[in-house]
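Engineer: Dropping the structure in here first, questions after.
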């Protein structure tokens, strides 16, 4: 048996990046031989084993043949006669089809090192088209390496277009799509994920609600970029600069979804887009089995971001209503995420990325004041449940009013 380090570990090592996970391919091995050496079999669809000490993954060299729709529609062949090149050929991109032997020598049959040097995301072989999930992976790698100038090779983009036109992406499992979207949101430039999908036509098929934003105008005096889709990407990038939390980034991407459903005769105004966005986000999250914590933050960001922008103008009672609506008193950690998403919306406009946003600090202060009200003391004063709730609300409104009436809090 011969063992080679493969995939992302080799790629990142050549790029000078920290290596997170190490995967190995075993050429000339058998399941029996692996088990005899103490490896633990964990592969359900193909032979994968965990090292008895390091717990790193070792997969027997294999080939794959398309046998159905989706990313699971493959027949796997694994035997001692499968070569390293055979195994590398089935991989998605040339930069992921590089191996390293136990002497540190690089094996690169498909030009991955040259594509790393040139910053190109290129498919290894026509077999790329057999797995539609690879479109999402290419988009995710584009988001990860955008800061290094990586681009999708024209021939790969064309192949991705053909996959979309064939209808293969329609067979992707919703949970797998969400996994790729969530990972992409955590990359350095998450907006590139959306751009690459849009460029090959996959955005309209997978995320039509997001695709519908492009070409929809907004008032130029508030949005110099005009196009709502462009604004959504600018907001996503602003969120990425402000926070590493993918929940915040998802909320930023979703916050204006309702504008894509504004009747054309109302353009460029979007009255009521907050309410329309709520229903679209609910359907989006249901379709992709999005975790509740992501969905809930996206919903409150969509519905209440104008309240954060206009915090200094709101009546104290409206501020308390907003805090209750976003469940701030029971989930105080959510407040900072909400503020971050709102600030991203404010900064996600062409030429206004660095404009001050004092609303963020004022929102924090009114929340702190309302939260500081001693609910236990109010309850101890007696009365029934509704009476206590009313007095607590009045006390919170008074605390917020005091903050808002402080002269230097004008924004």
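The values are calculated or read from the model by the stated rules, or taken from the named source; none is laboratory data. Small disclaimer: the values here were computed from a predicted structure and weren't measured. Here the Cβ is made from the backbone with ideal geometry for all residues, glycine too, and neighbour counts use every protein chain on show.
Engineer: Return the only residue of 163, 210 being under 17 Å from residue 288 (Cα atoms) and not in a loop (DSSP other than H, G, I, E, B).
Structural biologist: That would be 210, the only listed residue that is under 17 Å from residue 288 (Cα atoms) and not in a loop (DSSP other than H, G, I, E, B).
Engineer: If you don't mind, there's one more thing I want to ask. Do any helices (runs of 4 or more DSSP H) entirely within the range 1-117 hold 2 or more residues that are in contact with a helix residue (DSSP H, G or I) (Cβ under 7 Å, 6 or more places away or on another chain), at pLDDT 90 or above and exposed (fewer than 15 other Cβ atoms within 10 Å of the Cβ), and if so, which?
Structural biologist: Fully inside the range 1-117 and qualifying: nothing.
Engineer: Could we say that residue 289 is on the phi > 0 side of the Ramachandran plot and either assigned to a loop (DSSP other than H, G, I, E, B) or not assigned by TED's automatic domain parsing to the domain that holds residue 339 (or both) here?
Structural biologist: So residue 289 fits the description; yes.
Engineer: Answer yes or no as to whether residue 198 is in a helix (DSSP H, G or I) and within 13 Å of the chain's Cα centre (by Cα).
Structural biologist: no
Engineer: In the range 255-269, how many are under 26 Å from the mean Cα position of the chain (by Cα), assigned to a loop (DSSP other than H, G, I, E, B) and over 21 Å from residue 340 (Cβ atoms)?
Structural biologist: Residues flagged as under 26 Å from the mean Cα position of the chain (by Cα), assigned to a loop (DSSP other than H, G, I, E, B) and over 21 Å from residue 340 (Cβ atoms) within the range 255-269 amount to 1.
Engineer: Looking for something over 15 Å from the mean Cα position of the chain (by Cα), in contact (Cβ under 8 Å) with a residue 24 or more places away in the chain and not in a loop (DSSP other than H, G, I, E, B) - is there at least one such residue anywhere in the range 214-228?
Structural biologist: Yes, the conditions are met somewhere in the range 214-228.
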